[in-house]
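Here is the structure we will look at, set down as structure tokens.
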Amino acid sequence: MAASGSGNQSGKAFYVTTPIYYVNDAPHLGHAYTTVAGDVLTRWHRQRGERVWFLTGTDEHGQKVLRTAEAKGVSPQEWCDKLVEEAWKPLWRHLEIANDDFIRTTEKRHTDRVREFVQDLYDKGEIYQGGYEGPYCVGCEEYKLPGELIAGEGEHAGEQLCPIHKRPVEILKEENYFFKLSEYGDRLLAHYEANPDFIQPESARNEVVNFVRQGLQDLSISRSTFDWGVPVPWDGRHVIYVWVDALLNYATAVGYNQNQDTFEGSFPADVHLIGKDILRFHAVIWPALLMANGLRLPGRIVANGWLLVGGEKMSKSNLTGISPRDITSHFGVDAFRWYLLRAIAYGQDGSFSWEDLAARYTSELANDYGNLASRVAAMVGKYFDGVLPEATADGEAERAVHDSLAKTVAEADRKIGDDVEFQAGIQTIFDFVKQVNGYISEQEPWKVAKDDSPEGRARLATILYTAAESLRAVAVLLNPFMPESSQRLWESLGAEPALGALAGQRVQDAGEWGRLPAGSTITKGAVLFPRLEDKPGA
Ligand code: MSP
């Protein structure tokens, strides 16, 4: 699949977004999952040398946030300010999320533009006044169709429940403003047809196509029973529906109606990363709103599956929420970032399990990868006083490693950078790590070291150079996933300053054999991934 991204140094940035999260509570593992994915994707594209824009933020209006604040006895603005500053932003810093901007929907730069956008739709005749009555789920902030509801049991016997939140829906009856969504079905279907990659994965695409084929209803885009939102410009008794408000962040944050140059330099997003729970909003409502306003549609909408805990979608409301810091304090930030994308195929549901994380940490990070790095550094120290020797005796085995590295880089670049298939990309990189381990086991440098002849020394030098140079490439490839340990590996290889900073390395160059100069000083730094029983607090 070709990259739909158009990012390059001079033209439009490769623009990636996460959902903006509700601030009714502190972030949990599910939120971290999508955000880490966005961070890895954008770090990868930056390493390609592209200009990149990575946006995340918070969704602060609507009934869900309002009710939480009321229950805590504070104003919704105070509640949001506190949570954003004390919980959300610090967590993203802790997880090394390198977002370029953080948008809050209560900011004036957003609310002013939302009013303009909606006014524009009104002026174009896309919005009309009407009435609606139906079941509403505050958890989803969405009217449900009666057919979607499930019958309650136990304490909820006799009630109708939201299929996602398993909580009773409320019957809402309101005079609202409506967007003529029903008129966009054919154009949306034509767009899905002409752009097969628009919705990823395939299962998500099929779901959306079937949904739209059944016919769309007009969308209520205002609410009048509470006032925590952006006022409708022509009728101050209403606030704009929280989902319309929220979706527009992707435009307002990059200068919609404010700074034309900035806007054209980023918009539309190349990739909207979302969870599959909010697929219809992104793949149906959002493109229809853009069409109605004559704006370009995003490149791709990529939905991740649900992180499950005990078979349930992890969330705060069903008490399965896990705090990311519980995990990072035990395994470290790098292992946390890596695990989420390593263990679960992006797009599929997957179970989070502490045991699985511990097992993979030990076998893949500590044993396969960490040990390789420390063994190589130790041998260069022991046999060459820590100075990387030159490879002068390349043979069949070395050429196999060179070829394999070139293929690994191309494959990882396609999987991660183009296809957003992180698991397959990581797999490719770790297959290469395994291959280098196998190469060392077969070449037995510790035996070759006993041969003092010039041929023996040349052979030993070649083996160790091959291993160290392979690690140089691995540090570049794993840098988007595990920035901290990759940097430490980079420094231990003496690559900086000999080769320049890791941050400046390009994916394309990772596979070019021989970039690590002979003569570099290799040091045995701290172990990259300490055994779990050796970690403080383990
Ligand atoms: N505010 C809306 C999004 C507006 S975007 C214009 C919202 N917020 S949310 O706080 O509920 O976050 C939803 C997103 O968090 C999901 O779409 C998904 O990306 C992520 N996840 C939350 N729980 C998750 C799991 N258990 N598993 C995977 N992702 C999860 O919806």
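The values are calculated or read from the model by the stated rules, or taken from the named source; none is laboratory data. No experiment lies behind these values; they were computed from the predicted model shown. Counting neighbours? That spans all protein chains shown, and the Cβs are built from the backbone with ideal geometry, glycine included. Areas reflect the complete protein model, heavy atoms only, side chains present, ligands, DNA and RNA absent. Shrake-Rupley method; radii C 1.70, N 1.55, O 1.52, S 1.80 Å.
Within segment 524-535, the set of residues being surrounded by 13 or more Cβ atoms within 10 Å (Cβ to Cβ) and either in a loop (DSSP other than H, G, I, E, B) or at pLDDT 95 or above (or both) comprises Lys524, Gly525, Val527, Leu528, Phe529, Pro530, Arg531, Lys535. Residues being modelled with pLDDT under 95, open to solvent by less than 10 Å² (accessible area, probe 1.4 Å) and either out of contact with any Ser or Thr (no Cβ under 9 Å at 6 or more places or on another chain) or within 26 Å of Gln443 (Cβ to Cβ) (or both) are entirely absent from segment 474-481. In segment 325-344, what count of residues is obtained for those that are touching a Gly at 6+ places or on another chain (Cβ under 9 Å) and more than 15 Å from the ligand (Cβ to nearest atom)? Total meeting the criteria: 2.
Out of everything in segment 252-266 that is part of a loop (DSSP other than H, G, I, E, B) and not polar (S, T, N, Q), what residue ends up being surrounded by the most Cβ atoms within 10 Å (Cβ to Cβ)? It comes out as Ala253. Across segment 439-461, not a single residue is classified as touching an Asp or Glu at 6+ places or on another chain (Cβ under 7 Å) and not hydrophobic (A, V, I, L, M, F, W, C). Among the residues examined, Glu86 qualifies as closer than 28 Å to Val16 by Cβ, open to solvent by 30 Å² or more (accessible area, probe 1.4 Å), part of a helix (DSSP H, G or I) and free of Cβ contacts under 8 Å to residues at least 24 places away in the same chain. Listed by first and then second residue, the pairs with beta-carbon distance under 7 Å, at least 6 apart or on different chains, first residue in segment 323-342 and closer than 15 Å to Trp92 by Cα and of a type in the set (A, V, I, L, M, F, W, C), second open to solvent by 10 Å² or more (accessible area, probe 1.4 Å) and modelled with pLDDT of 95 or more, are Val333/His94; Val333/Glu96; Val333/Glu484; Phe336/Thr328.
Which of the residues that make up segment 205-248 are within 16 Å of the ligand (Cβ to nearest atom), open to solvent by less than 10 Å² (accessible area, probe 1.4 Å) and more than 22 Å from Cys80 (Cα to Cα)? Matches in segment 205-248: Val208, Ile221.
Selection of segment 144-179 for residues being within 16 Å of the ligand (Cβ to nearest atom) and open to solvent by 60 Å² or more (accessible area, probe 1.4 Å) yields Lys166, Arg167.
Taking the criterion of being part of a helix (DSSP H, G or I), over 27 Å from Val476 (Cβ atoms) and of a type in the set (A, V, I, L, M, F, W, C), the residues of segment 420-464 that qualify are Trp446, Val448, Ala458. Screening Glu355, Glu312, Glu364 for residues that are of a type in the set (D, E, K, R) and over 22 Å from Gln427 (Cβ atoms) leaves exactly one candidate, Glu312. Residues of segment 383-410 that are open to solvent by 30 Å² or more (accessible area, probe 1.4 Å) and either assigned to a loop (DSSP other than H, G, I, E, B) or closer than 20 Å to Arg46 by Cβ (or both): Asp385, Glu390, Ala391, Thr392, Ala393, Asp394, Ala410.
Selection of segment 301-324 for residues being more than 9 Å from the ligand (Cβ to nearest atom), on the phi < 0 side of the Ramachandran plot and at pLDDT 75 or above yields Ile301, Val302, Ile322, Ser323, Pro324. Which members of segment 104-143 meet the condition of being among the charged types (D, E, K, R) and within 15 Å of the ligand (Cβ to nearest atom)? Within segment 104-143, Arg104, Glu107, Arg113, Glu141, Glu142 qualify. Quick one: in segment 34-59, which of the residues that are touching a strand residue (DSSP E or B) at 6+ places or on another chain (Cβ under 6 Å) and of a type in the set (Asp, Glu) is farthest from His110 (Cα to Cα)? My answer is Glu50. Considering only residues that are open to solvent by 10 Å² or more (accessible area, probe 1.4 Å), part of a helix (DSSP H, G or I) and within 21 Å of Glu96 (Cβ to Cβ), look in segment 482-502 and name the one that is modelled with the lowest pLDDT. The extreme case among them is Glu496. Going through (1) touching a residue at least 40 places away in the same chain (Cβ under 8 Å); (2) within 12 Å of the ligand (Cβ to nearest atom); (3) more than 28 Å from Ser220 (Cβ to Cβ); (4) not basic (Lys, Arg) one by one, Leu279 falls short only on (3).
Picking from residues in segment 260-276 that are in contact with a helix residue (DSSP H, G or I) (Cβ under 8 Å, 6 or more places away or on another chain) and among the small types (Gly, Ala, Ser), the one that is nearest to the ligand (Cβ to nearest atom) is Gly275. Look at segment 14-35: where a residue is free of Cβ contacts under 8 Å to residues at least 24 places away in the same chain and of a type in the set (Ser, Thr, Tyr), no partner that is more than 6 Å from the ligand (Cβ to nearest atom) and not in a helix (DSSP H, G or I) sits 6+ places away or on another chain with Cβ atoms under 9 Å.
Residues in segment 79-120 that are of a type in the set (Lys, Arg) and in contact with an Asp or Glu (Cβ under 8 Å, 6 or more places away or on another chain): Arg104 alone. Only residues that are within 13 Å of the ligand (Cβ to nearest atom), farther than 14 Å from Phe336 by Cβ, of a type in the set (A, V, I, L, M, F, W, C) and in a helix (DSSP H, G or I) were counted in segment 24-52, giving 0.
Any idea which residue in segment 432-462 is most open to solvent (accessible area, probe 1.4 Å), counting only those that are within 16 Å of Val401 (Cα to Cα) and free of Cβ contacts under 8 Å to residues at least 60 places away in the same chain? Among those residues, the one meeting the criterion is Glu442.
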